[in-house]
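The block underneath contains the structure these notes are about, expressed in structure tokens.
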Amino acid sequence: MAEKIKMPLIGGLVAVISIALVLLGNPPNMGFCIACFLRDIAGAVGLHHAAPVQYVRPEIIGIIFGAFIFSLANKEFASKGGSAPVTRFVLGFALMIGALIFLGCPLRMALRIAGGDLNAVVGLFGFAAGILGGVFFLNKGYTLKRTYGVSKTDGFVLPAGAFILLWLLLLVPSVLFFSTEGPGSMHAPILAALIAGLIMGVIGVITRLCFVAGIRDSILFKNFSMMSAFIALIAVGIIGNLMLGGFHLGFENQPVAHTDGLWNFLGMMLVGLCAVLLGGCPFRQLILAGSGSSDSVVTVFGMIAGAAFAHNFKMASSAAGVTTNGKIGFAIAFIIVVLIAVYNTFIKRKAGESI
Amino acid sequence: MKTIDACGVSCPEPLLMLQNALKTEKEILLLTDSKNALDNCEKYAKKKGLSVNTTTDADKYKMHISVAK
């Protein structure tokens, strides 16, 4: 019974924190977006040079710190890895191509819907379709095999890297790239963003909040617990936006969004498929990465690399729409992801071979 | 009794392994090293009205699940 109340409350809390971050300066409907924020960080450290999207997002650092500190405190921290790390890198990379065609991760998709952006509703249908595809493979036996214990240093690398990034942001910002216009120039104060991230990190460890698990577990196990958080997030977001004047129903002129329905659908379809194959959405990957999973650290690196390539090769969409390179990139990424899924579901099993 | 070794496999595979095994087995020993997987499997089994008994051995959880109460 507690679970039935807890998860919607958590979803509502995430909506409140997200709206607060927008009020404090984040771009509209982008209180949180793991994909966008990793992309901004990639830009800030010079991995791409798309001028409007460069900033060290303290929210990401906060999430990693929150997950790291809290998982250590409650003894859930465990340095583990070795479950097809390179494949996970590729899946993270492909996920980011999809997310930057749509312009958001599953969390931002929910926040966009809460802001009245109907393009994100189209994205939601694509997301669900991608999850259904992933569930098909899971039901047929898809697995990336086991993780094993690894050296503790593996689990400390990402939190240490996040600490160095925060140190650069606070004390040596001149070595970083910062947007002077566009979404990257819009941000909440560093301390507020960091605290919001910390709270999300702790929430992530306690509740295992995952934005792909909502739909996935409803289908697989008739378990609607995560789904209730997802729905509450959208509902509270709509109410909050209505109260504060941030709700604008329609397809046109939505903030950091485009109106190409087909590609909103396909972009999120790729995100949904990759997220199921990875075992969690981008937010969940960050939480696991902070809790010692070196496989998830590699996935996060894959997402950062994917973001850099998406902008360097002009595959990322903008308010102007989807690019030709984005469509080609999608096709290549989608084929690779399906091949990974097919191979790890049907081909690898010899007679008698277990996981 | 069937033994499922779910150590180290990603979410939601441990629960899927349990769900599939329950189609044919009446008694299952599930091994996992993940608190997350343990919680999910325990919740699922209890919701199904199964008898669940979990012990901890070093870093591993041993979950004994049976259909008979």
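Any read-out appearing in this document is the output of simple, stated calculations on the displayed coordinates, not a laboratory observation. Bear in mind that the values here come from a model prediction, so they are computed numbers and not experimental data. Here the Cβ positions follow ideal geometry from the backbone for every residue, glycine too, while neighbour counts run over all protein chains shown.
With no other cysteine's Cβ closer than 4.7 Å, which Cys residues of the protein assembly as shown count as lacking a disulfide-compatible partner?
Among the cysteines of the protein assembly as shown, those whose Cβ sits 4.7 Å or more from every other are A:C105, A:C210, A:C274, A:C281, B:C7, B:C11, B:C41.
Under the rule a/c < 1.5 gives rounded, and otherwise a/b versus b/c splits prolate from oblate, where does the protein assembly as shown land using the Cα gyration tensor?
prolate
Evaluate peptide B:3-11: per residue, the Cβ atoms of other protein chains within 10 Å of its Cβ; return the mean as an integer.
Averaged over the peptide's residues, the number is 6.
Given contacts defined as C-alpha pairs under 8 Å and at least six residues apart, what's the relative contact order of chain A, whole-number percent?
About 37 percent, as a whole number.
Go through the stretch A:288-305 residue by residue and turn each phi into a ³J(HN,Hα) via Karplus (6.51, -1.76, 1.60, θ = phi - 60°); whole Hz please, and just put x for glycine and proline.
5, 4, x, 9, x, 7, 6, 4, 6, 4, 4, 4, 4, 4, x, 5, 5, 4
So, with +1 on the Cβ of K and R and -1 on the Cβ of D and E, and no other charges, what is the size of the charge dipole of the stretch A:1-125 about its Cα centre, to the nearest 20 debye?
The calculated dipole for the stretch A:1-125 is roughly 200 debye.
Report, as an integer, the average count of C-beta atoms from other chains found within 10 Å of each Cβ along B:27-39.
Going residue by residue through B:27-39 and averaging, the value is 2.
Would you please put A:97-108, A:217-228, A:165-176, A:306-317 in order of how densely packed they are, using the mean number of other Cβ atoms within 10 angstrom per residue and starting with the highest?
The packing order, highest mean first, is A:97-108, A:306-317, A:217-228, A:165-176.
Could you work out [θ]222 nm for the protein assembly as shown from helices alone, using -39500 (n - 2.57) per DSSP H run of at least four and dividing by all its residues? Round to the nearest 500 deg cm²/dmol.
Counting only the DSSP helices, I get -19500 deg cm²/dmol.
Dipole of the protein assembly as shown, Cα-centred, from +1 at each Lys and Arg C-beta and -1 at each Asp and Glu C-beta, to the nearest 20 debye?
1100
Taking the Cα-to-Cβ direction at A:L23 and at A:H248 and moving 7 Å from each Cα, how far apart do the two end points lie in nm?
Placing both labels 7 Å beyond Cα along the Cβ direction yields 2.0 nm.
Ignore the peptide's own chain and count Cβ atoms of other chains within 10 Å of each Cβ in B:43-50; give me the average, rounded.
Per-residue shielding by partner chains comes out at 1.
Which cross-chain or sequence-distant (5 or more) residues have an amide H under 5 Å from the amide H of A:K80, H modelled 1.01 Å from N in plane?
A:V150, A:S293, A:S294
Which residue, chosen from A:N344, A:L278, A:V297, occupies the Cα position most advanced towards the positive end of the dipole of the stretch A:251-355, where the dipole is computed from +1 (Lys, Arg) and -1 (Asp, Glu) charges on Cβ about the Cα centre?
A:N344
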